[in-house]
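The values are calculated or read from the model by the stated rules, or taken from the named source; none is laboratory data. Nothing here was measured: the structure is a model prediction, and the numbers come from that model. Cβ placement follows ideal geometry from the backbone for every residue including glycine, while neighbour counts extend to all protein chains displayed. Side chains included, ligands, DNA and RNA excluded: accessible areas come from the protein's heavy atoms. Shrake-Rupley method; radii C 1.70, N 1.55, O 1.52, S 1.80 Å.
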Amino acid sequence: MMQPRESVPESISGIFFAHAAATPEKIALACEGREISYATLAQLVARWSNALAANGVRRGDQIGVILPNNVEFVALILVAADLGAGLVPLSPALPSAVALHSLQAAQARHLVSTSPQLAALHAEPGSDAVHGCWLSIDAAGAGTTTLDQLLQAGPADARPLYLGRADDALILTMTSGSTGSPKPIVLTQRTKLNRLRAAVQLYGITAQDRTLAATPLYHSLAERLVLLPLLTGGSAVLMPHFSAQAWLRCVQAQQVSFTIAVSSQLKQIAAHMAQDEHDVSSLRCLVSSSALLENAVKIDLLARFSCDFHECYGASEIAIATNLDGNAARTKLQSVGRPAPGVELRILGENDEQLPSGQAGEIVCKTTMLFGGYFQLPELTRAAMCGEYFRTGDIGKLDEDGYLYFLGRKKDVIISGGINIYPADIEAAIGSHGSVTESAAFAFPDARLGEVVAVALVASDPASFDLRQLRFHCAHALADFQQPRRFFVVEQLPKNSMGKLMKFQLVQTYASSPERE
């Protein structure tokens, strides 16, 4: 399993280099048609570690990274672990001013990106706040150096530095919710290792697995999926961009045995498999993450994949909190599972009292996979905790068997005439009507009741969609107080790059708009 060399303190770089020494010729990473051996990747990481250290990168520094999914990004995660530095990964799609604001919030001193991105950032006012190394993975520019130039100036046989320790911040991942204010989540090396160990235990990961990462590396899921094989002696497969067809081709060509995919990806994959046959027999275990799977999609996936199937619930701050395996899914279809190993869940009421099974309240979680706090935001970190339990901000309930049912974000609960209405109940009812592909329930202002239920939906066939039939269906499937009062038929729901619904955009767009049918 994940064991460092005896002379090296337990750390991510120590564990990785131990595997590289044990199986130097084994493929460590496949990406964009390239297959990198453990020996080659280890040499690259060691040389970059030494080169960055020689150019002013110190233990505890933050390094901004704005890159697409590629070999260099994966190597930089290991370089940061070896240096004891932290990475601040950001989306290349962010406007330069927003990216710079996030880098400043994380106190990033150094930056690695492409030359066009660096040039755009350099032109922004206040860019001198990131005052260390500006490194390009391609061409040099004003005030920048290329990584290749650094390597040429250093020795070809560099050895790892092993400066990183378990308590060092490895990743400062950004979450802003609906406010737009950067809120860097600190993930230490210890947190990452605990999360990897939990995945090994939960999904039976071994050195024989070929693990696929098909989400952006600036999100913690993809980081976990590339580190997991590299710290268990397996092989990582990294997709530059996701499409259902490319995912299915990759699984077949690379003989992928394990992956965690976001639910929106799996929905596209299931739809594509309905049209064409694909060989996915290499898959040993498939996990759905990020957002709740619709029941119809879950049933379809269980029928199409013969491998172990899991669904999980969690958050960036706590990683995986619950697990629902394929067998339980058939009897607990609407659940997101039971607590994962090392996790304790509670449901709290308005006064933080623990609620019994069947009652809805805020989901709180005690876990060994807990984040290291919000960077330089101690009050916000304290507010996020209830003793040893993290406040997820989600509403859910536990049944008598300990299975969790996710009902929506706490801030998304609709309070109509003093009655709490949970969006998940509305969306499940609408989802059972064959004319709707997906829907989102949200609060709509009402002078008499305060709020009423509004629904934005995507019709399966817009030309034949009949809203009156859907209203009739809701009248039978939902209680009076749950009935949607406003419907908005849209081409697509607003989602982020991980497929998560951005419900606040619906509120901003439609809460003061006339109904569209």
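The Ala274 and Arg471 beta-carbon pair, evaluated with R₀ = 30 Å, returns a calculated FRET efficiency of approximately 0.55.
Here the peptides 143-156, 92-105 are ranked by packing, the mean other Cβ count within 10 Å, and the order with the highest first is 92-105, 143-156.
Treating r as the C-beta distance of Arg165 and Leu348 and R0 as 22 Å, the FRET efficiency rounds to 0.05. Where the centre of each part is set by its Cα atoms, how far does segment 479-511 sit from segment 199-263, in angstrom? Segment 479-511 and segment 199-263 have Cα centres separated by 31 Å. Measuring nothing but protein heavy atoms, the accessible surface of the chain at 1.4 Å probe radius is 49 percent carbon and sulfur. Taking 4 °C and 1.567 mPa s as conditions, segment 293-381 diffuses translationally at an estimated 87 µm²/s according to Stokes-Einstein applied to its Kirkwood radius (Cα pairs). Per-residue ellipticity at 222 nm computed for the chain from its helices equals -9000 deg cm²/dmol, with DSSP H segments shorter than 4 residues left out and the rest contributing -39,500 (n - 2.57). Counting heavy atoms of the protein chains alone, Asp157 has an accessible area of about 120 Å² for a 1.4 Å probe.
Taking every alpha-carbon pair under 8 Å whose residues sit at least 6 apart, the chain reaches a relative contact order of 10 percent. Annotation: extensible slack from Arg330 through Gln245 equals 27.9 nm (criterion: 0.36 nm per residue apart, minus Cα-Cα distance).
Rounded to the nearest 0.05, what FRET efficiency do Asp399 and Gln376 give with R0 = 51 Å and r taken as the Cβ-Cβ distance? Could you check? The calculated FRET efficiency here is 0.80.
Averaged over residues, the count of other Cβ atoms within 10 Å places the peptides 122-134, 276-288, 429-441 in the sequence 429-441, 276-288, 122-134, highest first. For the chain, the per residue solvent-accessible surface stands at 42 Å², with DNA, RNA and ligands left out and a 1.4 Å probe.
State the extension gain, in nm to one decimal, for the chain segment bounded by Gln492 and Leu302, taking 0.36 nm per residue of separation less the distance between their alpha-carbons.
65.8 nm
Entry note: segment 373-442 has Rg to Rh equal to 1.10, where both radii use alpha-carbon atoms and Rh is the Kirkwood radius. Using only alpha-carbon positions in the chain, the gyration tensor eigenvalues give semi-axes of 40, 25, 23 Å once each is multiplied by 5 and square-rooted (largest first). Mind checking which of Tyr389, Gly418, Tyr510 is farthest towards the positive end of segment 375-517's charge dipole, using Cβ charges of +1 (Lys, Arg) and -1 (Asp, Glu) about the Cα centre? Going by the Cα projections, it comes out as Tyr510. In percent, rounded to a whole number, the relative contact order of segment 135-211 is 18, using alpha-carbon pairs under 8 Å and six or more apart. As a length-normalised measure over Cα pairs under 8 Å and 6 or more apart, the relative contact order of segment 339-459 settles at 17 percent.
The alpha-carbon atoms of segment 416-517 define a convex hull whose volume equals 102 cubic angstrom per residue.
Each of Thr215, Ser49, Thr191 was placed along the dipole of the chain (beta-carbon charges, centred on the mean Cα), and the one lying farthest toward the positive end is Ser49. This model, with +1 at the C-beta of Lys and Arg and -1 at the C-beta of Asp and Glu, gives the chain a dipole about its Cα centre of some 460 debye. Lysine pair count for the chain with Cα-Cα distance under 18 Å and sequence separation of 8 or more or different chains is 18. Among 459-472, 342-355, 371-384, 402-415, sorting by the average number of other beta carbon atoms lying within 10 angstrom of each residue, highest first, gives 402-415, 371-384, 342-355, 459-472.
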